[in-house]
Amino acid sequence: MLPEELSSEGDAPHKVYFPYSFMGRKALDKSRSGDLIPGTLDLLILKALESGPLHGYAVAEWIHGRSHDVLQIDEGALYPALHRLELRGLLSAEWGASENNRRAKFYRLTGPGRKHLLSERERWTRLAAAVGFVLAGT
Amino acid sequence: MWQSMREFILRAAGVFRKRRRERELAEELEFHLALKETSCRQNGLPPSDASYQARRNFGGLERWKEWCRDVSTIPVLEDLQRDLWLAFRTLRKSPTFTCIAVATLTAAIGANTTIFSLLNAVLLKSVNVPRADRLILLRVQPGDYGYGFNYPWFRRIEQDSSSLMQVFGFIRRHLRLTTLSGIEDVSAQLVSGGYFPALQVAPEMGRYIVARDDRPGIPDGGWLLSAQDSGVRTLPQTPKYSGAS
């Protein structure tokens, strides 16, 4: 689905950007970093892998389907995030055969990853509730 | 904490697994594009459009590869590794230049080391007197521009000090010596009577000044030496001083 199609209902889709420039060559474009709360993409990826190992494409599809087209992810942005989560030990990865019998890299949630998901989900719920309280006030 | 450590170590190790990392990265991203393309075709797009749309959805392939490299290695280390390799290849291409550069560096480093060893032995190591490690230098203000003590203050320390075994003073001065053979400008060190006894050095001949010489006037003759020549000789006449007070 093209970005134009995603925004066809009138509301612009929320872009989920890759939030890191950790020890990288490029400084993060500041105009992009504040669009959504940093760490959201991590949270979505961890959640996608909660029910079992998936390859990158399946993670993108899962997030895409679950967000009802509201969250638009640059699919390529998933991979730096996946690699970083793997390096941090929150995911483990191994190569296996995909459904069409091609070699694919499957990511699996590790113990620390599961813990991280729980704490991040809690943080997110608290934050969303707080924003809700603020907006509900008159 | 351990997560950051683990990440840093794995990223540093990633610098040395470049070929495999690149191959796997390309394979992973190509796999994604292939599935996307299939999905577009299944949605009714012709193959050429499907490929275009898959790539468009994905964003710039090279850009994401670059970002993946940035998170899975330490770019600074990778750059350093590349620079070193380039330097090595450049040097290998021009052996004459390399030889000259290496020879120059060797000579320079060798000379520096020799000079430093010499200076270290002569200047920086402790003074060549018995129990040099027990000597303490007192200054009013430490550092290159510290001040010495004035004479009455020094005398007071000399008399009252209970924690120091012996106290002596010295100061560098330019003196003018008048002898029968003419006037000599000499760089001298004025020392108090405790200087030589405290340092426990014996004179080649005659005697050094001692505590009883700490008074105005010229000490008994016959012990002054001139260091103008390499050989040591006694001055035939008692010289006159000027410029010292």
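Listed values, structure above:
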quantity	calculated
Test: residue in the range B:16-26 that is under 30 Å from residue A:116 (Cα atoms), more than 33 Å from the chain's Cα centre (by Cα), away from every other protein chain (no Cβ under 12 Å) and among the acidic types (Asp, Glu)	yes
Criterion: part of a loop (DSSP other than H, G, I, E, B) and within 22 Å of residue B:5 (Cα to Cα) - qualifying residue of A:52, A:89	A:89
Members of the range A:97-126 that are outside any helix (DSSP H, G or I) and in contact (Cβ under 8 Å) with a residue 40 or more places away in the chain	A:98, A:104, A:105, A:106, A:107, A:108, A:109
Qualifying residue in the range B:67-75 (condition: β-branched (Val, Ile, Thr), within 35 Å of the chain's Cα centre (by Cα), farther than 28 Å from residue A:60 by Cα and within 12 Å of chain A (Cβ to nearest Cβ))	no
Output for the range B:50-95, where each listed residue is within 21 Å of residue B:26 (Cα to Cα) and small (Gly, Ala, Ser)	B:50, B:51, B:54, B:59, B:60, B:72
Matching option when the condition is more than 11 Å from chain A (Cβ to nearest Cβ), among the hydroxyl-bearing types (Ser, Thr, Tyr) and assigned to a helix (DSSP H, G or I), among B:51, B:39	B:51
Tally of residues being more than 30 Å from residue B:161 (Cα to Cα) and modelled with pLDDT of 80 or more across the range B:84-143	37
Members of the range B:166-183 that are under 27 Å from residue B:212 (Cβ atoms) and either in contact with a Lys or Arg (Cβ under 8 Å, 6 or more places away or on another chain) or in contact (Cβ under 8 Å) with a residue 60 or more places away in the chain (or both)	B:173, B:174, B:175, B:176, B:177, B:178, B:179
Residue within the range B:189-198 that is assigned to a strand (DSSP E or B) and either among the charged types (D, E, K, R) or surrounded by fewer than 11 Cβ atoms within 10 Å (Cβ to Cβ) (or both) present	yes
Hits in the range A:84-126 (condition: touching a strand residue (DSSP E or B) at 6+ places or on another chain (Cβ under 9 Å), hydrophobic (A, V, I, L, M, F, W, C) and within 9 Å of chain B (Cβ to nearest Cβ))	A:90, A:95, A:104
Members of the range B:151-162 found to be modelled with pLDDT under 85 and loosely packed, with under 11 Cβ neighbours inside 10 Å, listed by number	B:162
Odd one out for residue A:32, checked against (1) surrounded by fewer than 13 Cβ atoms within 10 Å (Cβ to Cβ); (2) within 14 Å of chain B (Cβ to nearest Cβ); (3) modelled with pLDDT of 90 or more; (4) in a helix (DSSP H, G or I)	(3)
Positions within the range B:192-213 being free of Cβ contacts under 8 Å to residues at least 24 places away in the same chain and within 14 Å of residue B:135 (Cβ to Cβ), in sequence order	B:196
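Quick grid of which residues meet (1) touching a residue at least 60 places away in the same chain (Cβ under 8 Å); (2) under 23 Å from residue A:101 (Cβ atoms); (3) surrounded by 13 or more Cβ atoms within 10 Å (Cβ to Cβ):
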{"site": "B:14", "(1), (2), (3)": "yes, no, yes"}
{"site": "B:53", "(1), (2), (3)": "no, no, yes"}
{"site": "B:61", "(1), (2), (3)": "no, no, yes"}
{"site": "B:68", "(1), (2), (3)": "no, no, yes"}
{"site": "B:73", "(1), (2), (3)": "yes, no, yes"}
{"site": "B:77", "(1), (2), (3)": "yes, no, yes"}
{"site": "B:98", "(1), (2), (3)": "no, no, yes"}
{"site": "B:106", "(1), (2), (3)": "no, no, no"}
{"site": "B:113", "(1), (2), (3)": "no, no, no"}
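The values are calculated or read from the model by the stated rules, or taken from the named source; none is laboratory data. What you see is a predicted model; the values in this text were computed from it and never measured. When we count neighbours, we look across all protein chains shown, and the Cβ atoms used for this are built from the backbone with ideal geometry, even at glycine.
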